[in-house]
């Protein structure tokens, strides 16, 4: 059983919902990410999504785009992100870490280091899941096999526009959990319609039998609590990026902990 599957199983047994915070690796300071990850766990995070900086992040809104640009300027690429996970694993062997990003860095890594190198090196670093936004499920079966050989789950997005056929395609390949994008837009955009999410999740679960997390548009304890009533996990990212982008180095972790503790309390209530 993967670390992600074990985490969701343990949460289910306790009647709790997963809190999955997202942060762009290397933002807002190149050396902050491992400490920030530990802070997230301290605040109650169950899984951590770590964004791999990329120059053309088509699913991300301006907040995460700006974070990725800054991280790239600081010299953060996929190699550096894997090193951050290795450092995190020196003190934490239990909290799942998911890399979220785009095909270009993954394929460039394989070009530089050899076929199969990404799955091998990500597994060795302690990565538990990979979400590649622009990898469609029908083209990912071998990639999923390669990742699973190294103990890594392949995670996919579903959207309000996803058809039953697309849900079935995702269900055939996905493991760990599925990430439902609650809005028709990019990260951080629009107002979250919790009734629409509640109506969509049963349709997804007709086809997808692994946990379903919901993200895009969750910005505070109230919306997190509402989504937690119907989803297996709450994913929150843009709001964290906004909170930390102007903080001095010494305040980044503390501000994140304070915010996530509010979300954790709301989910547990």
For segment 154-269, count the residues as N, evaluate 2.2 N^0.38 Å, and divide the Cα radius of gyration by that value, please. 1.13
Normalise the Debye intensity by I(0) for segment 1-117, one equal point scatterer per Cα, no solvent, then take log10 at q = 0.16, 0.19 Å⁻¹ and round to two decimals. -0.79, -1.05
Of the DSSP beta bridges with both residues in the chain, give the percent that are antiparallel, rounding to the nearest 5. 0 percent
Taking the Cα centre of each part, how many Å lie between segment 212-269 and segment 62-127? 22 Å
Show me the ranking of peptides 18-28, 247-257, 130-140, 61-71 by mean Cβ neighbours inside 10 Å, starting with the highest. 18-28, 61-71, 130-140, 247-257
What nm value, rounded to one decimal, do you get for the distance between residue 198 and residue 255 when each label is placed 7 Å out toward the C-beta? 3.4 nm
Could you work out how far the C-alpha centroid of segment 1-51 sits from that of segment 145-172, in angstrom? 20 Å
Compute the relative contact order of the chain as a whole-number percentage, counting only Cα pairs closer than 8 Å that sit 6 or more residues apart in sequence. 23 percent
If you project the alpha carbons of the chain onto the principal axes, what extent comes out on each, in Å, largest first? 43, 42, 34
Tell me what the chain gives for mean residue ellipticity at 222 nm when only DSSP H runs of n ≥ 4 count, each as -39,500 (n - 2.57), the sum divided by the residue total, rounded to 500 deg cm²/dmol. -15000 deg cm²/dmol
Over its Cα atoms, what ratio of radius of gyration to 2.2 N^0.38 Å does segment 1-63 give? 1.32
Modelled label-to-label distance, residue 12 and residue 115, 7 Å Cα→beta-carbon offset: nm? 3.7 nm
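Read-outs throughout are calculated quantities, based only on the coordinates presented, and are distinct from any laboratory measurement. Here the structure is a predicted model, which is why all the values come from computation and not from measurement. Don't worry about glycine lacking a Cβ; one is built from the backbone with ideal geometry, like all the others, and counts go over all protein chains shown.
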